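A.B. asks: Supplied in structure tokens, the structure appears directly below.
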Ligand code: NAP
């Protein structure tokens with residue numbers, strides 16, 4: 001079994017890559033083509049190989065179709081098969097709409113939204129020939145409910161939910177499942193920096209009264225890619241501790 005994880009040099013993507021390696025997948029670890037990212041991604045690959053699977057780093061800017069197409073071709077040549085794809089890479093360039101620049105808007109749409117097209121087109125063409133495959137796209141609660149200061153990010157994440165449903169309908173007959181996850185507030189250095197007072201205010205809106213862990217995103221992704229989820233497609237699973245109900 002082979003899985004591709006985009007933006008896997010750190011954060012949620014890193015955790016998903018390690019979880020899928022633990023599940024027994026050979027992992028193709030995508031990172032942005034900079035020296036720093038490649039170095040971090042190599043460390044993730046090493047940790048995956050220590051779990052007894054094959055792991056290799058493939059650098060490509062997911063906002064560029066030509067780079068994605070070439071990367072997918074290289075991954076197919078290296079591993080022979082592509083069973084799973086996790087479209088995780090994403091960025092924020094927050095700001096209130098009144099002050100948001102066109103560059104801020106376009107950059108977030110290119111990385112978060114167009115990357116889904118850039119990756120799914122070449123990968124689905126391979127999965128259609130294989131007559132099997134599973135894909136998980138990384139949405140966000142911002143795409144479900146909106147978020148002030150994240151007009152661009154919310155647009156990109158809402159689009160991912162629509163793309164997930166369209167692709168699920170297009171590829172279902174070929175035994176390819178396409179789902180999305182929509183994380184809420186996840187424990188990262190950014191959330192660690194909040195004061196207790198700020199945290200209490202946020203926890204007031206979360207039923208479970210805590211932030212999520214990256215491992216809790218990875219476990220849901222692992223489930224959705226697995227045969228345990230064989231009758232689930234076109235769905236967006238919210239992982240937010242009960243943020244909005
Ligand atoms: P992160 O730590 O910033 O990781 C994102 C990864 O994507 C980084 O490795 C980043 O590389 C990579 N990336 C960015 N642009 C790229 C490009 N053009 N090509 C290839 N790789 C690129 O963020 P995270 O918190 O783990 O988030 C992962 C995903 O979850 C994102 O889609 C995000 O929107 C989503 N999400 C996160 C949260 C949360 O609370 N953290 C909540 C909801 C949804 P660089 O380091 O070079 O930028």
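Read the figures in this text as sums done on the coordinates, not as results from a lab. Small disclaimer: the values here were computed from a predicted structure and weren't measured. As a convention, Cβ positions derive from the backbone with ideal geometry for all residues, glycine included, and neighbour counts pool all protein chains shown.
A.B. asks: Against the longest alpha carbon principal axis of the chain, how many degrees, from 0 to 90 and to the nearest 10, is the axis of helix 11-22 turned?
C.D. replies: The answer is roughly 40 degrees.
A.B. asks: What is the packing order of peptides 61-73, 105-117, 2-14, taking the mean over residues of other C-beta atoms within 10 Å and listing the highest first?
C.D. replies: Ranking, from highest mean packing down: 2-14, 105-117, 61-73.
A.B. asks: Here's another thing I want to ask about it. Could you work out the percent of alpha carbon pairs in the stretch 41-144 separated by over 16 Å, rounded to a whole number?
C.D. replies: 65 percent
A.B. asks: Could you work out how far apart the two model spin labels at residue 70 and residue 244 are, taking each label as a point 7 Å from the Cα in the direction of the beta carbon, and quote it in nm?
C.D. replies: 4.0 nm
A.B. asks: Between residue 202 and residue 91, what is 0.36 nm times their sequence separation minus the Cα-Cα distance? Round to one decimal in nm.
C.D. replies: Length gained between residue 202 and residue 91: 37.7 nm.
A.B. asks: Let a ≥ b ≥ c be the square roots of the eigenvalues of the Cα gyration tensor of the chain; is it rounded (a/c under 1.5), or, if not, prolate (a/b larger than b/c) or oblate?
C.D. replies: It is rounded, given that a/c, with a ≥ b ≥ c, falls under 1.5.
A.B. asks: Can you tell me the 0 to 90 degree angle between the C-alpha axis of helix 35-49 and the longest principal axis of the chain, rounded to 10?
C.D. replies: On a 0 to 90 degree scale, this one is about 70.
A.B. asks: Where does each of 49-58, 20-29, 186-195 land if you order them by average Cβ count within 10 Å, highest first?
C.D. replies: Highest to lowest by the protection proxy: 20-29, 49-58, 186-195.
A.B. asks: Follow-up. Hey, what did the stretch 27-122 get for relative contact order, percent, Cα under 8 Å, at least 6 apart?
C.D. replies: So the answer I get is 28 percent.
A.B. asks: For residue 219 and residue 165, compute 0.36 nm times the residue count separating them, minus their Cα-Cα distance, and round to one decimal in nm.
C.D. replies: Details: separation 54, 0.36 × 54 = 19.44 nm, distance 2.15 nm.
Difference between extended and current length: 17.3 nm.
A.B. asks: Which value does Rg/Rh take for the stretch 8-95 over its C-alpha atoms, Rh per Kirkwood?
C.D. replies: The Rg/Rh ratio comes out at 0.96.
A.B. asks: Using only the alpha carbons of the stretch 112-245, determine the length spanned along each of the three principal axes and report them from longest to shortest in whole angstroms.
C.D. replies: Dimensions of the stretch 112-245 along the principal axes of its Cα atoms: 54, 31, 26 Å.
A.B. asks: I want to check the label-to-label distance for residue 81 and residue 50. Put each point 7 Å from Cα in the C-beta direction and report it in nm to one decimal.
C.D. replies: 2.8 nm
A.B. asks: With each run of n ≥ 4 DSSP H residues scored as -39500 (n - 2.57), what mean residue ellipticity at 222 nm is computed for the chain after dividing by its residue count and rounding to the nearest 500 deg cm²/dmol?
C.D. replies: -14500 deg cm²/dmol
A.B. asks: Obtain the nm distance between the two label points defined at residue 117 and residue 232 by a simple spin-label model: each point lies 7 Å from its Cα along the Cα-to-C-beta direction.
C.D. replies: Label-label distance for residue 117 and residue 232, simple model: 2.9 nm.
A.B. asks: If the convex hull of the alpha-carbon atoms of the stretch 123-197 is projected onto planes in all directions, what is the mean projected area in square nanometres?
C.D. replies: 6.4 nm²
A.B. asks: Relative to the longest principal axis of the chain, what angle (0 to 90°, nearest 10) does the C-alpha long axis of helix 151-171 take?
C.D. replies: The helix 151-171 is inclined about 40 degrees to the chain.
A.B. asks: Name the residue, out of 46, 102, 216, whose mean-square fluctuation peaks in a Gaussian network model built on the chain with Cα pairs under 10 Å.
C.D. replies: Maximum among the listed residues: 102.
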